[in-house]
Each structure stands twice: as C-alpha cells, then as structure tokens.
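Report on the structure given below.
The values are calculated or read from the model by the stated rules, or taken from the named source; none is laboratory data. Given the structure is predicted, the values throughout are model-derived calculations rather than measurements. Every residue, glycine as well, gets a Cβ built from its backbone with ideal geometry; the counts of neighbours run over all protein chains shown.
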C-alpha cells in the first residue's frame, strides 16, 4: 500500500481496540519467565557448545603472536577460533570495527578469540590460558585534544560525509549585532546502553545455511549484515529474535556475539552459543560517543532569537559516524541567522554508534541548558522564552512545514499541571529543610521517520487471526499494538489475534529503532489487513469498500457472515507493506513535548534528588496508552541517569573505558526515581500514516537531562555545563551556609 | 599542595608501572614447552529442591546456582544480566530469602529449597505479584522482570517480618510498605527500561497499600 495522500477516515478511527489501555499480550510469558531470550533456546537445536569471547588487552597495535596451545589442551575445549584460523569472513559495511580482530587491533576488548568448549565453565577457564604478545602503539584517546584540528563532517546529508557548516542568513553579523548574547560550551560524556540482556546468540549451520537465534532490534538488517559477513546469500540465512531484553540502539547492528557464534559453529561442526559478558559490553560493543558542543544565541531584548549557532565535536574510529548533536537545533526554534556544524575526531576508542535518540539526546542536553541560560539573561521565564521562539515552519526552508507541531501547548499545559508558576525566577530561593529545591524545564523534539514495513495476516478456519512480521518487541510493546491493530481492522476481540514476531521468514518490518517502530510496523499490519479484508469480501462476492468487519463477522448489503465461516474451506491470507511517497518528505513528521522536573540539592553535601517529573507529549495517535506511558517514564529515568550519573570514564593513556560494569557505570535504580507523570495531547496525524500515529521512544529522552540540570540550577544556583552533574561539580559552588 | 601533587604523580606512576608489568607477564618466554594436559575439573554431587522438585546433580564445582538453573535444569526464567551480583536479574528465593543466584556456587546449596520465577506462578495460575506486574505494566523488555518479581515477593515478606532497612526513620519501629521503603529495598534490581515507578505501584497493590 502506497501512502501518498493524507489518511481519510478508516477502520482504525473506530478505536474500539486501538488507543485503549491494553495489558501487554506478552505479559503472562514475561512475568512467568516463559518468554525465551536468545541464549535460552535449549529447545531449538541439540548439542549446543559454549563459546567464550576473549578481548584485546590493548587499544591499538598488533598481535605479534597468539599462543593457544595450552588453551586447546584444556579440559572440554573443542576449538580456539582466531582471525587466523576462522576461515573466510568479512566485515559488514555497517560495522566500523571488525567483530573478530587480528592481527591488527582497533580498540580495547575487541574480540581476538573465541574459546569453544563443552561447558561455559571450561570455555571461560581456557580463555585465561591464551597468551598474547602484543605490539602496542600509541593511539588517540582524548577528544578535547583534537578540538582545533578535527575536520568538518556531515552537512545536509546528515551524517558521515565531509561537508561545510550549514548556514542560513549571516550568523556572524547577526550575533555581533545582537543586544543579548550567550556563548557557552557544553560537554556530554561517553554513555553505555546497558540493556539488561547482554548481546547473545546461538548459531547453527546446516550445510551452507546459517540459522541464528539472537537478540537484535532489526531482523532484516541482521540478515543483510550476516550475508555480507559470511559471504553467503541472504536466502541461506535465518534470524530469529522473538524476545529482546532491551537494546536502546546497541542491538541495531550485529555485534561480536553472533559472528563469533557462527564462526565457532562452523569450526566445530555443531551449534555454538555465545553471550558477551557484562564487563565486555562496555568496551567490546558500541556506545554513545562523547561530545563537546559550543552554542551561541543572539537575541533582541524581547527575547526573540536572531542568531543561533550550534557546533559539535565528537570522535569515532576511522570510518565511523559523528554524533549528530546539531540536528534538533536546525528545526526546534526560530531565528533568521543560523549556523550548525559537526567536527569529527578520529579516536582509537571502541566504536561510537546509535544510542537512544542518537545525536538528538546529547544535542538537547546542551541546547536546552543554553535556552535556560539565555532566558535568565533576558529576565524571561524559560517556558515563555521557548514559546516566543516557536516556529511553525522549518527555519532553514520556510516553505516546509510540520504536519503537526504542538510544542507550545505541551509547554503551557505542562506548566499549568506542574505548578510552574510557583518557580522562583532567581535561583537558590527555596529551602526544604537541608535541601535547596528548584524547578527546571526543557522542550522535547524528535522526528518520526516514515519507513517501509511489511506484514502477513491470516484468517484461520477457527476464525482466529494470525499476524506474522519480522518486527521486534524490545520492550516497546510491539506485540500488543500489532494485535490491537489487527483486531481493530478485522473486527475481532483482541484474544482472537495471535502475533508472531522476530523471524526473518516473515515479511520484513521497519524494526525497532529511531522511534520508527510502532507507527510503521502497525501501518504495515494495517496494509496487510486491508488485503485480507479484500480477500474475505471477494470470497463472499461483497464489495470490499462496503464490507464492515465487526464482532467477528463481516457485514455488507444486509448479509452477515462469521469470519470462521468464511475461512471454513481454508485459511485466507493478506500480505502487504506500507510504503511512503513524496508526501512524507514534503513535511516534517515530528513529535514534540515538554519536560518538567523538580530537583532538590542537599545544602551541605550537594547530593541531588529528582523529586517530581512530568512529561507532556504530542506524538500522534497513542496506540496503547499504558505501554506508551511506560516508554515515556523509562526514557525519563534514563534521562535522570544522563543528568546525574552516567559517564564512561576514558583512560587517556591506554585507551579504554575504565568503569566497565554496573557498579562503576551507574544507572538509575529504584531509589533514584520518585514521582513521574505523563500527559499525551490528542493528536491524530493524517499526514503520517493510516494509523495516524508517530513514535515516542526517542522523543521521550530528548531534553530530560537538561530539565534536571536546569532544576538543579534553579535550586542552588550552580550552573554545570559538563555532564553528568555529579555532586563534586556542585559542592564548592553551593550557596554559603548561613 | 606540593605533597598532593607528589602523591598524584606517584599514584599515576604506579598505575602505569603495574599495567606494564601485567603486559609483560602476558608475553610467553621463548622456548617454553607446551604444558601437559590439565586435569579434568572437579565435580561434586549436590542435591537440592527447586520449585518443590528434588534434583540430584553432579556439577563442575565452578558452576553457579544461576548456571545450574539455566543450563542444567533448563529453568531459564531466572536471568543472567551481569553474572557478578550487580543487577539482580538472577534473584531467586533460597529457603524463603532472596539471593543473587550468580553469586553462589550450586554446590553450596545442598539440601536447600530454591524457588524461581517458574515456581511462583504459571501462565494459567499467576502469582498475585505477577498479575500486578501485568496490570501496572511494571516491565518493558521483560529481562529483569523475573528477578524484580522474586525480589518484590521477598521484600513484602521482609517488611512483614520486620526486617529493618536504611529507609526507616526509626530502625526499631516496624517497617511499612511505604513507597520509600519499597524503593530502597528494591534498589538491587536494575531495570534499564525504567519501569521502577510501575513496579512500586504493583508492589503497593499486593501489599494492600493501594489498589
């Protein structure tokens, strides 16, 4: 189905199932431990051997010699696989760092060997018997050191290619002439996804055909990348990923676990399973790369932005992509004179890659503090300052508009609901016992990409509906919203729908990432259901456009036939994809929101507690309010982590992330999170897709950390521009104790 | 000031030095003969009950309780999140008390009664905590969920038994299932999807504090 005109009324508008709060249909299997994750598939293939990954002990250089003799002779060991003996394999073009290295080493803990043994304990023990003689060379590990030399990248292509800065108007002249100016530099650290299920895979070969049970956000991408890696056609690869224990971007692309499992399985002639250990996730896999961002704002005295510049520096391995931290600034606020640029340093640290709202999250961490600082210079309320600089068109291309843009309402409704009017304009005004208390705000903004997505829907002789698509559910609630969509379209109760996901034998969906999953995958199911409805109508010689599907029946022209009766002679199938035409590119399909935070800063210790959070969002039709809310509060929680604690500390001498576990890379725990509230504004975006829905997984995290930082400033008067805002950065600047 | 700087320099020097030493020990000396085949790992018989069923196992002594459950008994509801006691995904009940199954060896559990998520309830007959988690959407990806639920069940029992916590104002008073109390006691179970406030809602309902 080609979507190239605004969606008129359609069966989803009935909203008997879609849009209603619906408990997840995968709830019973997830809460009883019955949902099988990748490493747990004892049932799928017999005789599985265990693989254990050995990572490089140096960040850059070469392996001079690797001595595996002792390890090979260790009890239970079947094979030590290294780049030298693994047989032919390549690196997919979507992987910057090789997933099995040698002799050249590109980063610390890059895989250099897989130990395959009968048991996990044997494989792990044998790993300690491998002796590696390295020739270490000095690498580049310090981002700030390349501040003045890193070349410009990106440009209008968005990512990767070398390009000049993007300019609209004359920023320098306008900034020089502006009566009120801000010029500030912010830094965001390297961050780690740390989803609770580490990367894991089981691989089995049957002749030249490869099957992997893995944990991936993108089944079709995994097939493509495995095809490139193992130099075999995609038809010979099957990827299964029905349950994914979180991803946040870490599982968009294949990682070492699946490649090593497949190489190991090829080497020993039996299935092999590999899980990356928790400490290895930090340096072996990918992370959100650190940034240094300079923001300049020039305003008139009424608080209208006339000049805005956002220049970002990030680093990556040679050939890697930059953090697109300036992307939101290009669209979020008005201003005639604009400058955005990205520079990229080459660093010999582990590969930087997508993490929840890549670019947007760190970019907004900086921009939304800058907005707070400018509001203060102007003597304006920060909510009002943002409202004054709203734009209904793309500031770079004024003839391109947003399909929906309710930023102002998000800010206003949120301010009213949160009690924003009680916020003191000046910082360090409100004390509650030993705590300074303050409020902070930020905007939230993320585009909602239109992506092709396919599905197959079958009406079974029992009258039940079966949906099959390679879509994944990484905690986002895909199973349930897909079931809701099929139930609405076919006019059956939810419990008459079965959903099967995460199998590359099913039609390829958009997958889970970049807040493109929910809206596109359900639109694909919508398209397939339209086909199935046509097939049902045809079978009954009904006019498809006049057939109404309700209560398990199809009704037209005074005929009413149960779906079970229609399929009695055999199942009927509808298969289709949603595809998008030029309309989707002619407007910005965007989501907006506002975050409000109340933070308390301990007057003596600088300890920060986030007391209350509120998010107000406009993100198209909300398909399942309860799981959408969960996505929101989850991102708000991750935003608290970004604000207060999350930082991978770089050892700039040896080139690795020092704090490589959950005791030293801190993420929020129960005690860090108190009251969280979420409001969704009514919105059905007819330009977006037939579901009139958009995404919100990335929107939800944009701005959160800045709202926390702004609340801390309002509480205690200490402005910190280097994330995370740990208490050591507050302590010596706290107000004097009277 | 000067002393501080000296200390800083010497500490850095020590770190660099020890890293270099570690690198040196990784270099095999020339002409070393291959060492003889190492002996097979020690195994030990161990018997314990899991979810009411007695198991007699002969295990590599290095096998954790977690891997005994997941890899030997194929009870994969208990999750491996970090394998070293930092995330809580492997929380199970041993003789009624919650522990991280990754932090003890299986052979330490001779005679113990272990309850895993599979033993709390089933799809057909959910434990009240499992039902409350579904109702309050107290999970997203589901990977930390079995550990959260086992922990949550144990926490309510600890509160009932009067086991004190850091969150109490008066350590001698009987603890209440207040939100602060639940959050404090659940903080060893990490949920990266961030379902914390929904988990507390589910627990409060089961505790009778809220519906």
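Listed values, structure above:
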item: Total residues in region B:131-154, condition crowded, with 24+ Cβ neighbours inside 10 Å, farther than 12 Å from residue B:202 by Cα and more than 7 Å from chain A (Cβ to nearest Cβ); result: 3
item: Some residue of region A:150-160 being in contact with a strand residue (DSSP E or B) (Cβ under 9 Å, 6 or more places away or on another chain), more than 23 Å from residue A:275 (Cβ to Cβ) and either without any contact (Cβ under 8 Å) to a residue 24 or more places away in the chain or not assigned by TED's automatic domain parsing to the domain that holds residue A:266 (or both); result: yes
item: So residue A:478, is it closer than 21 Å to residue A:685 by Cα and crowded, with 23+ Cβ neighbours inside 10 Å; result: yes
item: Test: residue in region A:717-735 that is in contact (Cβ under 8 Å) with a residue 12 or more places away in the chain, within 30 Å of residue A:621 (Cα to Cα) and not assigned by TED's automatic domain parsing to the domain that holds residue A:474; result: no
item: Residue in region A:418-431 that is over 16 Å from residue A:375 (Cα atoms) and assigned to a helix (DSSP H, G or I) present; result: yes
item: Single unsatisfied condition, residue A:541 versus (1) in a loop (DSSP other than H, G, I, E, B); (2) in contact (Cβ under 8 Å) with a residue 24 or more places away in the chain; (3) over 30 Å from residue A:735 (Cα atoms); result: (2)
item: Residue that is surrounded by the most Cβ atoms within 10 Å (Cβ to Cβ) [pool: residues in region A:73-119 that are without any contact (Cβ under 8 Å) to a residue 24 or more places away in the chain and more than 15 Å from residue A:318 (Cα to Cα)]; result: A:73
item: Residues that are in contact (Cβ under 8 Å) with a residue 40 or more places away in the chain and within 22 Å of residue A:6 (Cβ to Cβ), drawn from region A:392-415; result: A:394, A:400, A:401, A:402, A:403, A:404, A:405, A:406, A:407, A:409
item: Qualifying positions in region A:640-657 - in a helix (DSSP H, G or I) and within 13 Å of chain B (Cβ to nearest Cβ); result: A:640, A:641, A:642
item: The listed residue being in contact (Cβ under 8 Å) with a residue 12 or more places away in the chain, within 24 Å of residue A:411 (Cβ to Cβ) and outside the structural domain of residue A:706 (by TED's automatic domain parsing), out of A:319, A:315, A:303; result: A:303
item: Test: residue in region B:118-130 that is at pLDDT 95 or above, assigned to a loop (DSSP other than H, G, I, E, B), facing chain A (nearest Cβ under 7 Å) and within 23 Å of residue A:125 (Cβ to Cβ); result: no
item: Selected residue (criterion: farthest from the other protein chains (Cβ to nearest Cβ)) from residues of region B:95-109 that are over 8 Å from the mean Cα position of the chain (by Cα) and surrounded by 20 or more Cβ atoms within 10 Å (Cβ to Cβ); result: B:109
item: Residue A:607 over 21 Å from residue B:192 (Cβ atoms), surrounded by fewer than 24 Cβ atoms within 10 Å (Cβ to Cβ), out of contact with any strand residue (DSSP E or B) (no Cβ under 7 Å at 6 or more places or on another chain) and more than 14 Å from chain B (Cβ to nearest Cβ); result: yes
item: Test for residue A:255: is it buried (at least 23 other Cβ atoms within 10 Å of the Cβ) and in contact (Cβ under 8 Å) with a residue 40 or more places away in the chain; result: yes
item: Residue in region B:110-118 that is touching a residue at least 60 places away in the same chain (Cβ under 8 Å) and surrounded by 21 or more Cβ atoms within 10 Å (Cβ to Cβ) present; result: yes
item: Single residue of B:89, B:68 found to be at pLDDT 95 or above and under 21 Å from residue A:280 (Cβ atoms); result: B:89
item: Residue in region B:59-72 that is within 12 Å of another protein chain (Cβ to nearest Cβ), without any contact (Cβ under 8 Å) to a residue 12 or more places away in the chain and within 21 Å of residue A:50 (Cβ to Cβ) present; result: yes
item: Lone unmet requirement of (1) closer than 28 Å to residue A:629 by Cα; (2) without any contact (Cβ under 8 Å) to a residue 40 or more places away in the chain; (3) at the interface with another protein chain (Cβ under 8 Å from one of its Cβ atoms) for residue B:83; result: (1)
item: Given (1) surrounded by fewer than 24 Cβ atoms within 10 Å (Cβ to Cβ); (2) touching a helix residue (DSSP H, G or I) at 6+ places or on another chain (Cβ under 9 Å); (3) under 23 Å from residue A:328 (Cβ atoms), index of the condition residue A:647 fails; result: (2)
item: Strands (runs of 3 or more DSSP E) wholly inside region A:233-347 containing at least 3 residues that are more than 14 Å from chain B (Cβ to nearest Cβ); result: A:237-240, A:291-299, A:305-316, A:337-346
item: Yes/no for residue A:702 being surrounded by 23 or more Cβ atoms within 10 Å (Cβ to Cβ), away from chain B (no Cβ under 14 Å) and in contact (Cβ under 8 Å) with a residue 40 or more places away in the chain; result: yes
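Matching residues to (1) modelled with pLDDT under 95; (2) out of contact with any helix residue (DSSP H, G or I) (no Cβ under 7 Å at 6 or more places or on another chain); (3) on the phi > 0 side of the Ramachandran plot; (4) assigned to a strand (DSSP E or B):
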residue: A:565; (1), (2), (3), (4): no, yes, no, no
residue: A:570; (1), (2), (3), (4): no, yes, yes, no
residue: A:574; (1), (2), (3), (4): no, no, no, yes
residue: A:591; (1), (2), (3), (4): no, no, no, yes
residue: A:594; (1), (2), (3), (4): no, no, no, yes
residue: A:600; (1), (2), (3), (4): no, no, no, yes
residue: A:606; (1), (2), (3), (4): no, no, yes, no
residue: A:610; (1), (2), (3), (4): no, no, no, yes
residue: A:613; (1), (2), (3), (4): no, no, no, yes
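Residues checked against (1) in a loop (DSSP other than H, G, I, E, B); (2) under 30 Å from residue A:21 (Cβ atoms); (3) away from chain B (no Cβ under 11 Å); (4) in contact with a strand residue (DSSP E or B) (Cβ under 8 Å, 6 or more places away or on another chain):
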position: A:616; (1), (2), (3), (4): no, yes, yes, yes
position: A:628; (1), (2), (3), (4): no, yes, no, yes
position: A:634; (1), (2), (3), (4): no, yes, no, no
position: A:638; (1), (2), (3), (4): no, yes, no, no
position: A:659; (1), (2), (3), (4): yes, no, yes, yes
position: A:663; (1), (2), (3), (4): yes, no, no, no
position: A:666; (1), (2), (3), (4): yes, no, no, no
position: A:679; (1), (2), (3), (4): no, yes, yes, yes
